[in-house]
1. So how much accessible area does Thr85 have, in Å² to the nearest 10, using a 1.4 Å probe?
2. Could you work out how far apart the two model spin labels at Glu35 and Glu18 are, taking each label as a point 7 Å from the Cα in the direction of the beta carbon, and quote it in nm?
3. If I stretch the segment between Thr6 and Ile53 completely, what's the gain in nm (0.36 nm per residue apart, minus their alpha carbon distance), one decimal?
4. Using a Cα distance threshold of under 23 Å, what count of lysine pairs results for the chain when pairs must be 8 or more residues apart or interchain?
5. In whole percent, and with a 1.4 Å probe on the protein chains, what portion of the accessible area of the chain is carbon and sulfur?
6. Using a 10 angstrom cutoff on alpha carbons, build the Gaussian network for the chain and name the most mobile of Asp21, Asp71, Asp42.
7. Whole number in Å², please: accessible area per residue of region 7-85, 1.4 Å probe, ligands, DNA and RNA not counted.
Amino acid sequence: KEPAATIVEMLKDVTSREGEDAVFECRLSRETTQEAQWFLGDVPLQSNEMNEIKVQGTHHTLILRKVTLEDCGLISFKVGQHTSTA
(Lines give C-alpha, C1' and ligand atoms only; values in the text may rest on other atoms or scores of the structure.)
Protein backbone atom coordinates (compact mmCIF):
# COMPACT_ATOMS: atom_id res chain seq x y z
CA LYS A 1 0.00 0.00 0.00
CA GLU A 2 1.41 3.39 -0.96
CA PRO A 3 2.04 5.95 1.79
CA ALA A 4 -0.47 8.80 1.84
CA ALA A 5 0.53 12.04 0.18
CA THR A 6 0.45 15.16 2.33
CA ILE A 7 -0.04 18.77 1.30
CA VAL A 8 3.34 20.55 1.51
CA GLU A 9 2.35 23.80 -0.20
CA MET A 10 -1.02 25.07 1.02
CA LEU A 11 -3.53 27.08 -0.98
CA LYS A 12 -3.18 30.85 -0.82
CA ASP A 13 -6.09 33.30 -0.73
CA VAL A 14 -6.79 34.82 -4.15
CA THR A 15 -8.56 38.08 -4.94
CA SER A 16 -9.86 38.53 -8.48
CA ARG A 17 -12.01 41.08 -10.25
CA GLU A 18 -15.21 39.98 -11.94
CA GLY A 19 -14.39 38.59 -15.39
CA GLU A 20 -10.79 37.64 -14.48
CA ASP A 21 -9.43 34.14 -13.92
CA ALA A 22 -8.65 32.96 -10.37
CA VAL A 23 -5.77 30.50 -10.02
CA PHE A 24 -5.29 28.23 -6.99
CA GLU A 25 -2.20 26.05 -6.59
CA CYS A 26 -1.32 23.27 -4.17
CA ARG A 27 1.71 20.96 -3.97
CA LEU A 28 1.77 17.44 -2.54
CA SER A 29 4.65 15.62 -0.86
CA ARG A 30 4.66 13.00 -3.62
CA GLU A 31 2.86 11.93 -6.76
CA THR A 32 -0.16 9.88 -5.82
CA THR A 33 -2.87 7.72 -7.29
CA GLN A 34 -5.15 8.88 -4.46
CA GLU A 35 -8.20 10.81 -5.53
CA ALA A 36 -7.60 14.55 -5.23
CA GLN A 37 -10.69 16.78 -5.30
CA TRP A 38 -11.34 20.52 -5.53
CA PHE A 39 -14.43 22.12 -3.95
CA LEU A 40 -16.16 25.51 -4.09
CA GLY A 41 -17.96 25.58 -0.76
CA ASP A 42 -19.44 22.07 -0.52
CA VAL A 43 -19.69 21.60 -4.30
CA PRO A 44 -17.11 19.29 -5.91
CA LEU A 45 -15.55 20.87 -9.02
CA GLN A 46 -14.81 19.14 -12.30
CA SER A 47 -12.79 20.23 -15.31
CA ASN A 48 -15.13 21.93 -17.81
CA GLU A 49 -15.42 25.20 -19.75
CA MET A 50 -15.58 27.22 -16.50
CA ASN A 51 -13.03 25.32 -14.38
CA GLU A 52 -9.69 23.93 -15.44
CA ILE A 53 -8.08 21.33 -13.20
CA LYS A 54 -4.47 20.40 -13.95
CA VAL A 55 -2.06 17.93 -12.37
CA GLN A 56 1.65 18.05 -13.18
CA GLY A 57 3.45 15.59 -10.94
CA THR A 58 2.95 16.83 -7.37
CA HIS A 59 1.61 20.23 -8.52
CA HIS A 60 -2.19 20.58 -8.58
CA THR A 61 -3.82 23.68 -10.13
CA LEU A 62 -7.40 24.94 -10.28
CA ILE A 63 -8.27 27.79 -12.65
CA LEU A 64 -11.71 29.38 -12.29
CA ARG A 65 -12.38 31.12 -15.61
CA LYS A 66 -13.98 34.57 -15.80
CA VAL A 67 -15.14 34.60 -12.19
CA THR A 68 -18.42 36.17 -11.13
CA LEU A 69 -19.65 37.26 -7.70
CA GLU A 70 -21.30 33.81 -7.38
CA ASP A 71 -17.82 32.24 -7.43
CA CYS A 72 -16.90 34.07 -4.23
CA GLY A 73 -16.38 31.62 -1.39
CA LEU A 74 -14.19 28.98 0.14
CA ILE A 75 -12.05 26.87 -2.21
CA SER A 76 -10.87 23.55 -0.78
CA PHE A 77 -8.41 20.94 -2.03
CA LYS A 78 -8.65 17.49 -0.48
CA VAL A 79 -6.43 14.44 -0.86
CA GLY A 80 -6.87 11.48 1.48
CA GLN A 81 -7.24 12.84 5.03
CA HIS A 82 -5.62 16.19 4.17
CA THR A 83 -7.39 19.45 3.26
CA SER A 84 -6.25 22.96 2.37
CA THR A 85 -8.65 25.89 2.01
CA ALA A 86 -8.43 29.49 0.76
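The values are calculated or read from the model by the stated rules, or taken from the named source; none is laboratory data. Since we're looking at a predicted model, the values are computed, not measured. All Cβ positions, glycine included, derive from the backbone under ideal geometry; neighbour counts span all protein chains shown. Ligands, DNA and RNA are stripped out before the accessible areas are found, and what is left, the full protein with its side chains, is counted by its heavy atoms. Shrake-Rupley method; radii C 1.70, N 1.55, O 1.52, S 1.80 Å.
1. It works out to around 70 Å².
2. Placing both labels 7 Å beyond Cα along the Cβ direction yields 3.6 nm.
3. Values: separation 47, 0.36 × 47 = 16.92 nm, distance 1.88 nm.
Result: 15.0 nm gained on full extension.
4. 6
5. Numbers: 2770 of 5710 Å².
Carbon and sulfur atoms account for 48 percent of the accessible area of the chain.
6. Highest fluctuation of the listed residues: Asp42.
7. Values: 5190 Å² over 79 residues.
Ligands and nucleic acids excluded, the result is 66 Å² per residue.
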